[in-house]
Amino acid sequence: MGTSHDSSVRPAELLATPLAQSAAARKALAGIALVTAMFLGIAVWNGFPLVFYDTGAYLIEGLRGAFLVERSPVYSLFLAASGSAFSLWPVVVLQSALSAYVIWEVARLEVPGLSLTGFCAIGLALCVLTGIGWYTAQVEPDCMTALVVLGGYLLLFRKERLGLRKWLVVAITGLAVACHPSHLGLIGGLLLVALACKHLLPRRRASPRIHLLPAFYALCLALVLTVASNYALTRDIFISRSGPVFVFARLMQDGLVKRLLDDRCTGPATPYKLCAFKDHLATNANAWLWGNNPGFRAQGGFKGSQEEDSRIIADSVLRYPFAQVKAAVYDSVLQFFMFKTGDGIESQEQILRPGFQSLLPGQLRAYLQARQQKNAIRFQELNMVHVTVGMLSLLGVLLLLNHVLASRRWDEGVLPAVVLLGLIGNAIICGTFSNPHDRYQSRLIWLPALVLLIARARDPKALQPAEDRG
């Protein structure tokens, strides 16, 4: 009997599962590698990783250990750990690979059985139609913002499908959150909305389960990385010291600082040091923060102005609450619709050249020969595509959500809903606590296009009008 039973077990059946897992792993690695290469195409075409005005500050902080109030030490130390002292290429390779991996996880969970060709087609479409490659190829933490949204989605709504890979997603999301202070607000907002949905919305049969703990772990990891990095550079424990300075600059741009100083700086006992400069304020936030403004210098710049900036912010909120709300709403709405590709991606030869000569002399020649430093990049024609696709994809996401609600396919509506919430949250955070810039929203505007591409791969009729779906 025993011999007969053993002979009924076929070797092919024993090997089927391991072979399938091996094939799936090879497909995943191949897809991630190919899309990573696509995302690197911009940097390769440029001849050098793209740089921004802030790149030099991140390098100084990471490679010299000099704490700069206005820069995240986590991203600075990430640059140092990835070998920036010898080459900036590993940084953009890592950024591209992390982005490709997270997109792969989202795509394969939304479209079970997605082929390698299908995934590469999604990656290629994103590279051609959106600005994703301009951010993964840039030595700047902007590419991490989208990973906060996608990572938050995976951890909150797809934890059970990730298996043990959830810990890798926790690590990537935690790192992405820690790379910029605004990301803490973004993941915190997603967690609060998920918490409200979990406890306030009625449970439906087809609605997805919400898992708060994995995303909370990512937030905790980000806080640990942030505090540890700050402590490593300053021997002090804090999360961020730059918030009041950026908010103050936005209020100055909106005219609220001038209004307050005109009201308060009237007698001999002036309440603020800035009263002496009330008639010489900047009308633009960037001019105040990065220009040669005597008032900002007199306050002590980023290091010395935090206390007075905090007092002026509090006083202006108490005196003009409705004006504050009106300005914040206006800036947030303006930020939501500002997403041109290329904001700040221009020649940095004169600005960053001294830093490269001092910190990265071996990379100076390649840096100077790049198309960016020769002003050979033109974004006007590119934005005819990117801005159009961004606006149409936003509309497409709204139509997709309407279709999901009408058909009661709740599970398929989670990704577009999270992406829309991420875009709204990012616009509120950046518009209110800094001031509107195209790059703040353009680093995320490729997400709606990703949602539509995934919906198309899952159901070719998903984006058709109801009367055409049959």
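Only the coordinates and a few stated rules stand behind these numbers; no lab work does. Remember, predicted model here, so these are calculated numbers, not experimental data. Here Cβ is always computed from backbone atoms with ideal geometry, including for glycine, and neighbour counts include all displayed protein chains.
Using the alpha-carbon centroid of each, what span in Å lies between the stretch 91-109 and the stretch 147-202? A separation of 16 Å, based on Cα centres.
Based on C-alpha pairs under 8 angstrom that are at least 6 apart in sequence, the chain has a relative contact order of 20 percent.
Coupling constants for the stretch 238-243 follow from the phi torsions by the Karplus curve (6.51 cos²θ - 1.76 cosθ + 1.60, θ = phi - 60°), and in residue order they are 6, 9, 7, 10, 9, x Hz; glycine and proline get x. For the peptides 72-85, 142-155, 286-299, 266-279, residues were scored by their other Cβ atoms within 10 Å and the scores averaged per peptide; the highest-first order is 142-155, 72-85, 286-299, 266-279.
Summing charges over neighbours of VAL148, with a neighbour being any other residue whose Cβ is under 12 Å away from its Cβ, gives 0 when K and R count +1 and D and E count -1. Rounded to the nearest 10 degrees, the inclination of helix 321-336 to the longest alpha-carbon principal axis of the chain is 50 degrees.
How would you classify the stretch 243-319 from its alpha-carbon gyration tensor, with a ≥ b ≥ c the square roots of the eigenvalues: rounded for a/c under 1.5, else prolate if a/b is greater than b/c, otherwise oblate? The shape class here is rounded. Measuring nothing but how far apart in sequence close Cα pairs (under 8 Å, 6+ apart) lie, relative to its length, the stretch 34-121 scores a relative contact order of 30 percent.
Among the trypsin sites (Lys or Arg not before Pro) in the stretch 337-401, those located in a DSSP loop and surrounded by at most 16 other Cβ atoms within 10 Å of their own Cβ are ARG371, ARG378.
Measuring between their Cα centroids, the stretch 296-332 and the stretch 363-421 lie 32 Å from each other. Each residue of the stretch 265-279 was assigned a 3J(HN,Hα) from its phi angle through the Karplus expression (A = 6.51, B = -1.76, C = 1.60, θ = phi - 60°), giving 8, 10, x, x, 8, 6, x, 10, 5, 6, 4, 5, 10, 5, 9 Hz with x at Gly and Pro. Other residues within the sphere of radius under 15 Å centred on the Cβ of PRO361, judged by their own Cβ, net out at +3 (K and R +1, D and E -1). The packing ranking, built from the mean of other Cβ atoms within 10 Å per residue, places the peptides 234-242, 396-404, 88-96, 189-197 in the order 88-96, 396-404, 189-197, 234-242, highest first. For the chain, taking a cut-off of 4.7 Å between Cβ atoms, the unpaired cysteines are CYS120, CYS127, CYS143, CYS179, CYS197, CYS220, CYS430. Taking each residue as 0.36 nm, the span from VAL385 to ILE424 lengthens on full extension beyond its C-alpha to C-alpha distance by 11.8 nm. Helix 414-433 and the longest principal axis of the C-alpha atoms of the chain enclose an angle of approximately 10°.
Taking θ as phi - 60° and the Karplus parameters 6.51, -1.76 and 1.60, the scalar couplings of the stretch 37-54 work out to 4, 4, 5, 7, x, 5, 5, 5, 4, 5, x, 5, x, 5, 10, 10, 4, 7 Hz in sequence order, x denoting glycine and proline.
Cβ-to-Cβ counts within 10 Å put CYS127, CYS220 in ascending order as CYS220, CYS127, the fewest first.
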